[in-house]
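The values are calculated or read from the model by the stated rules, or taken from the named source; none is laboratory data. Because the structure is predicted, anything quoted here is derived from the model rather than measured. So basically every Cβ, Gly included, is an ideal-geometry build from the backbone, and we count neighbours across all protein chains shown. Keep in mind that these areas ignore ligands, DNA and RNA; they rest on the heavy atoms of the full protein, side chains included. Shrake-Rupley method; radii C 1.70, N 1.55, O 1.52, S 1.80 Å.
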Amino acid sequence: MGKEKIVYGQCALCRQNKELQLSHIVQRFVGRKMIKTALGNIRVTNEPNKVAQDIEKHYMLCHDCEELFSAKERWFASNIFNPWQDHKQREFSYDENLTCFIVSLSWRSLYLDLEEYSCDATFDKEILLTMLRAENIMRDYLLGKRQDVSDIQNHMFFFDRIESASNYDFEKNPSVAMHRSITSYSAYNGKTSFTISNLLGIMIVTFYSMEEQEEWTNTQILNGRGTIVAENQGIKSVVGQEIQHWMNEAENAKTNLSDNQKNKILEKMKKVGNGIRDYAIFQDFIDDEILRRNNEKK
């Protein structure tokens, strides 16, 4: 194996010139879970015929700043992500570790996206200023320079076994799209601006500005101690359009698979046989069929 690349530059968090680490945007444990539970290889939706070996990484943080996040990531993995993924727990008590985890995730995506948005002459200037302000607040919070994130709101939605929904194309398998995808990026719709992340069905949204018609029920994560339950949650939000976008991307990726890749997937399924029932994606297909039937009854 060749030597690992050494990169020096300004750390995105502390702003000091140091050796930079190759940092995952969505934390590595999420990617490991996806690989471990996948029926076959993992793929990137815009390049479906190419097998992905890892999830998105960038040279971004120095070692010290990377370590600032490590304990919070382990806390989230042990106390929320793995228990929910393994169907062992639905109610979760949390403390400031959860806010720190969410802020670190959303901040990384926002920081990288702002590099692009700041150079885009067509990007809404008011939204850009709102995002720049949020990035500064979040960075100070992560560095311990402040104890809160001002008016920034964090929400967590567990995309569980949903029995009914509206305004979705159910032929595009929303359960599969949500439970078998990983993403994180920043966007805006009207005057609502946010960073949205999907961690295999745990959707995390950090709002930098919100219009009045946004409705989020039993999803907000407060800065301190609290409880979040993976049931009786609801959203009426422009964020719903992002979920439809993920479904469209997954459908396009399936359409653009080459015959060679399709045959490989079919061969894998034949080898697995009835064992496919042990894979989470099997239940996702069943849930999506139930959604379709419930929607047809309306």
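Structure data summary
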read-out: Filter pass, residue 199 being at pLDDT 95 or above and out of contact with any strand residue (DSSP E or B) (no Cβ under 6 Å at 6 or more places or on another chain); value: no
read-out: Residues of the range 76-104 classified as part of a helix (DSSP H, G or I) and either free of Cβ contacts under 8 Å to residues at least 60 places away in the same chain or in contact with a Pro (Cβ under 6 Å, 6 or more places away or on another chain) (or both), total; value: 10
read-out: Matching entry among 104, 118 (being open to solvent by less than 30 Å² (accessible area, probe 1.4 Å), at pLDDT 90 or above and closer than 18 Å to residue 195 by Cα); value: 104
read-out: Test result for residue 215, open to solvent by 40 Å² or more (accessible area, probe 1.4 Å), in contact (Cβ under 8 Å) with a residue 60 or more places away in the chain and not basic (Lys, Arg); value: no
read-out: Extreme residue, farthest from residue 189 (Cα to Cα), among residues of the range 121-143 that are open to solvent by 50 Å² or more (accessible area, probe 1.4 Å) and not acidic (Asp, Glu); value: 143
read-out: Hits in the range 189-207 - residues which are in contact with a Ser or Thr (Cβ under 8 Å, 6 or more places away or on another chain) and open to solvent by 10 Å² or more (accessible area, probe 1.4 Å); value: 191
read-out: Test result for residue 113, open to solvent by 70 Å² or more (accessible area, probe 1.4 Å) and part of a helix (DSSP H, G or I); value: no
read-out: Whichever residue in the range 10-41 is modelled with pLDDT of 70 or more and part of a loop (DSSP other than H, G, I, E, B) and, among such residues, is farthest from residue 101 (Cα to Cα); value: 16
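Residue by residue, here is whether (1) within 26 Å of residue 118 (Cβ to Cβ); (2) of a type in the set (D, E, K, R) holds:
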{"site": "180", "(1), (2)": "no, yes"}
{"site": "183", "(1), (2)": "yes, no"}
{"site": "192", "(1), (2)": "yes, no"}
{"site": "196", "(1), (2)": "yes, no"}
{"site": "203", "(1), (2)": "no, no"}
{"site": "206", "(1), (2)": "yes, no"}
{"site": "210", "(1), (2)": "yes, no"}
{"site": "213", "(1), (2)": "no, no"}
{"site": "218", "(1), (2)": "no, no"}
